[in-house]
Amino acid sequence: MSTFQVGVIGAGGIASKLHLPEMQEVENAEVVVLAGRKQSRLETLSEKFNVPRWTHSYEEVIADPEIDGVIIAVPHPLHVKYGLMALKAGKHVHIQKPLSTSLIEAEQFVEAVNASDRTVLALPYVSKPHVLAAREAVQAGTLGKVSSATARFSHGGPEVYYATIQEILQEDLDDDLWFFDAQKADVGALFDMGVYSIAHLVAILGSVKAVTCRVATLAKPTELEDTATIILEFESGVLGTAETGWCDGARTYGFSIHGTDAKVTNPSLTSDLILSRPSSLVDEDAPLIEEPIETGGYPNLNSHQEWVACAREGKQPEISNADFARHVTEIMLKSLQSSREGRTMELDSRL
C-alpha cells in the first residue's frame, strides 16, 4: 500500500494540537509539507512532528502533484476558499470546523464535493463510539419515544485554549487573539464551540427543521457572542437544546437524550454512556436502574484515520461529511439570525 501524502495549510493552534498529532496515528500516511505565515511556527512544528518540508504558500501545497490530501486548518472565513481550491486540484480534503460563516459558501462547497470523486471529511468529528452507540439506542427504540435532548460544549475561552497552544508552539503569551476580532473571526462562541453541541445532537437525532436562539456577550473583550443557547426543533418532532459559551472555566462537554422508557447520558468530560431506566412506573421516587452502555463494538478512529480510510475506499464519511457540515452551518447561521430578529427560523437543508 502506497503512503498517503498530506499537506497541511495553517500552522496555528488547531494544526499543532489536533491535526499534526492525530496524523501521526494514521498508518501508511504522512504529512510531507506544512504551510503557514510565521516561520518560527513552521520550524517548531516541522521539527516536533517530523514534517520534512515547509512553505509560506498555501497554493504551493495545494498544487503539489505528489500530495494526495490537504488539511485545511486556517481561520474560519478562509475554509471554503482553500477547500474549493484543493478539490479543483484533485485533492482529498479534511476541513476544519466550522465549514463556513456563509451559507452561500457552504452551498458552493457541497456542490463542488458532489461534482467530485474526492473524499471530504468536515469537522467536528462525531463518529465516536459513544455517539454511535447513542444513535443506535435511539434508532433501535431502546429509549421508547424520544421527546427531548440537550448538549453543552463550553470552556473558559480562546485565551485559555491559546495558553496551551503557545506552550506547544514555544511562544510567549499573546493577548492579541483573532477569535475576539470580529473582522478576522466573523463569528463567536456559537461557531467555535456551539458547533460541537449541535453536531452531536444532529448526529444522534437527524435533521433540524427550525431553531430559536438567544446569544449574549457577558465577559469577553469582543463584540461577538461569548454565550449562546438554541432550541432545536428536529424533523422527528424531538425538541433539543444546544448550549455553548466561552465563559465556562470548569469546562462542560456532554449530552443527554430523553425518551418515554429511558434516557442515555454522556457525563461531562468523558466518553462514557449511561442508560437510565425507571425501576417503577407507579412510584416516582423509586431509584433509577443505571447501567453503562458498551461502546467497544464501534470503531474507535480519530478523524484523520477515518478520512484516509474513506479516501482509500473511494467513499464519503457516513456522518462527518460535507452535507452534514452544511446542515450544521445553516443551523448556526439561522440561530444567529433568530437571535438578531427575535423569531424562530425555518431551515432549508435536510440530511
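Side notes on the structure shown:
- One residue stands out among those in the stretch 264-316 that are buried (at least 18 other Cβ atoms within 10 Å of the Cβ) and out of contact with any helix residue (DSSP H, G or I) (no Cβ under 8 Å at 6 or more places or on another chain): the one that is farthest from Arg118 (Cα to Cα), which is Thr265.
- Residue among Leu275, Leu301 that is within 24 Å of His19 (Cβ to Cβ), aliphatic (A, V, I, L, M) and either in contact (Cβ under 8 Å) with a residue 12 or more places away in the chain or touching a Leu at 6+ places or on another chain (Cβ under 7 Å) (or both): Leu301
- Residue, surrounded by the most Cβ atoms within 10 Å (Cβ to Cβ), within the stretch 336-351, restricted to residues that are within 22 Å of the chain's Cα centre (by Cα) and assigned to a loop (DSSP other than H, G, I, E, B): Ser349
- Hits in the stretch 46-80 - residues which are in contact (Cβ under 8 Å) with a residue 24 or more places away in the chain, over 11 Å from Val32 (Cα atoms) and of a type in the set (D, E, K, R): Lys48, Glu59, Glu60
- Residue among Ala15, Ala11 that alone is in a loop (DSSP other than H, G, I, E, B) and aliphatic (A, V, I, L, M): Ala11
- Only residues that are surrounded by 14 or more Cβ atoms within 10 Å (Cβ to Cβ) and polar (S, T, N, Q) were counted across the stretch 249-263, and they come to 2.
- Qualifying position, being under 26 Å from Ala185 (Cβ atoms) and more than 24 Å from the chain's Cα centre (by Cα), among Thr55, Thr101: Thr55
- Only residues that are assigned to a helix (DSSP H, G or I) and either out of contact with any helix residue (DSSP H, G or I) (no Cβ under 7 Å at 6 or more places or on another chain) or modelled with pLDDT of 95 or more (or both) were counted in the stretch 46-80, giving 13.
- Meets criteria (closer than 26 Å to Gly69 by Cβ and not aromatic (Phe, Trp, Tyr)) for Ser148: no
- Of all residues in the stretch 137-186 being of a type in the set (Phe, Trp, Tyr) and buried (at least 20 other Cβ atoms within 10 Å of the Cβ), the one that is nearest to Pro75 (Cα to Cα): Phe179
- Search result, residues across the stretch 83-95 that are crowded, with 24+ Cβ neighbours inside 10 Å and within 25 Å of Leu190 (Cα to Cα): Gly83, Val93, His94, Ile95
- Whether a residue is under 24 Å from Pro129 (Cα atoms) and either outside the structural domain of Gln139 (by TED's automatic domain parsing) or of a type in the set (Ser, Thr, Tyr) (or both) was assessed, and Thr295 passes this test.
- Residue in the stretch 12-26 that is over 20 Å from the mean Cα position of the chain (by Cα), in contact (Cβ under 8 Å) with a residue 12 or more places away in the chain and under 29 Å from Ala189 (Cα atoms) present: no
- Exclusive hit being in a strand (DSSP E or B) and not charged (D, E, K, R), set Phe153, Phe109: Phe153
- Some residue of the stretch 44-60 being under 19 Å from Ala112 (Cα atoms) and crowded, with 19+ Cβ neighbours inside 10 Å: no
- Considering residues of the stretch 187-236 that are of a type in the set (Asp, Glu) and more than 22 Å from Leu123 (Cβ to Cβ) only, the residue surrounded by the fewest Cβ atoms within 10 Å (Cβ to Cβ): Glu223
Here is a yes/no grid of residues against (1) in a loop (DSSP other than H, G, I, E, B); (2) over 29 Å from Leu347 (Cα atoms); (3) modelled with pLDDT under 95:
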| position | (1), (2), (3) |
| --- | --- |
| Gly237 | yes, no, no |
| Thr241 | no, no, no |
| His258 | no, no, no |
| Asp285 | yes, yes, yes |
| Ile289 | no, yes, no |
| Ala309 | no, yes, no |
| Val328 | no, no, no |
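The values are calculated or read from the model by the stated rules, or taken from the named source; none is laboratory data. Please read all numbers here as calculations on a predicted model, not as lab measurements. Cβ: placed from backbone, ideal geometry, glycine included. Neighbour counts: every protein chain shown.
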